[in-house]
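Working notes for the structure below.
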C-alpha cells in the first residue's frame with residue numbers, strides 16, 4: 001500500500017477499510033484480517049494496524065469477539081458513509097467551493113456537471 005505524507009498511516013489504513021465497507025468487499029459481521037495478517041499484507045508495523053483497529057472500534061465500524069478476531073459492525077456501511085459525508089462537508093467543501101468560485105464556475109454549470117456524473 002502506498003501512503004501519503006499528509007495523513008497518519010493508521011488513518012489511511014482506516015480509510016482503505018472504510019472503502020472496502022462502502023464498496024461491499026467487507027460485509028456486516030464479516031471477519032477481517034487479524035492485526036498481524038493485515039500488517040503483513042500491507043507491510044506496516046503491527047502496532048500501526050492495532051491503532052487503526054482501535055480507531056475503527058471507537059467509531060463503531062468494527063468490533064471484536066474475544067478469541068475469534070475482528071468483525072465488521074452491522075451498521076458499518078452507514079457509519080462510514082456518515083463519517084465521509086461529515087469529513088467532506090466540514091473539511092473539504094470550503095476549499096472546493098472557493099476553487100470553483102475562483103475559476104468562475106456558475107451554480108448552474110456545477111449542477112449540470114454533478115447531474116451528469118450521477119447519471120453515469
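Here, each number is a calculation from the coordinates, and none is a lab measurement. A quick note: this is a predicted structure, and the numbers were derived from the prediction, not measured. In this analysis, Cβ positions are derived from the backbone assuming ideal geometry, glycine residues included, and neighbour counts consider all displayed protein chains.
A few remarks follow.
- Of 93, 83, 38, the one that fluctuates the most in a GNM where the chain has Cα springs shorter than 10 Å: 93
- Each of 90, 77 has some number of other Cβ atoms within 10 Å of its Cβ, and from fewest to most they run 90, 77.
- Sites residue 47 and residue 85, calculated FRET efficiency, Cβ-Cβ separation with R0 35 Å, nearest 0.05: 0.70
- Rounded tilt (10° steps) of 9-22 against the dominant C-alpha axis of the chain: 80
- The chain: most fluctuating residue of 69, 18, 60 per GNM, C-alpha cutoff 10 Å: 69
- Take the Cβ atoms of residue 78 and residue 119, set R0 to 25 Å, and the FRET efficiency comes out at 0.50.
- Options (i) 7.5; (ii) 8.1; (iii) 9.2 - which one matches mean projected area of the Cα convex hull in nm² as calculated here: (iii)
- Label positions at residue 111 and residue 23, each projected 7 Å from the Cα along the C-beta direction, are separated by 3.4 nm.
- Efficiency of FRET from Cβ geometry, residue 16 and residue 63, R₀ 22 Å, rounded to 0.05: 0.75
- Gaussian network model of the chain, springs between alpha carbon atoms under 10 Å - residue of 100, 22, 56 with greatest fluctuation: 100
- The value of relative contact order for the chain, using C-alpha pairs under 8 Å at least six residues apart, is 23 percent.
- The angle between the Cα long axis of helix 46-58 and the main principal axis of the chain comes to about 70°, on a 0 to 90 degree scale.
- Sorted by Cβ neighbour density within 10 Å, fewest at the top, the residues 70, 53, 95, 63: 95, 63, 70, 53
- Rounded to 10°, Cα long-axis angle of helix 93-103 versus longest principal axis of the chain: 30
- Exposure proxy ranking, count of Cβ atoms within 10 Å, fewest first, for 32, 61: 32, 61
- Calculated [222 nm] ellipticity per residue, helices only, for the chain: -18500 deg cm²/dmol; basis is -39500 (n - 2.57) per DSSP H run with n ≥ 4, divided by all residues, nearest 500.
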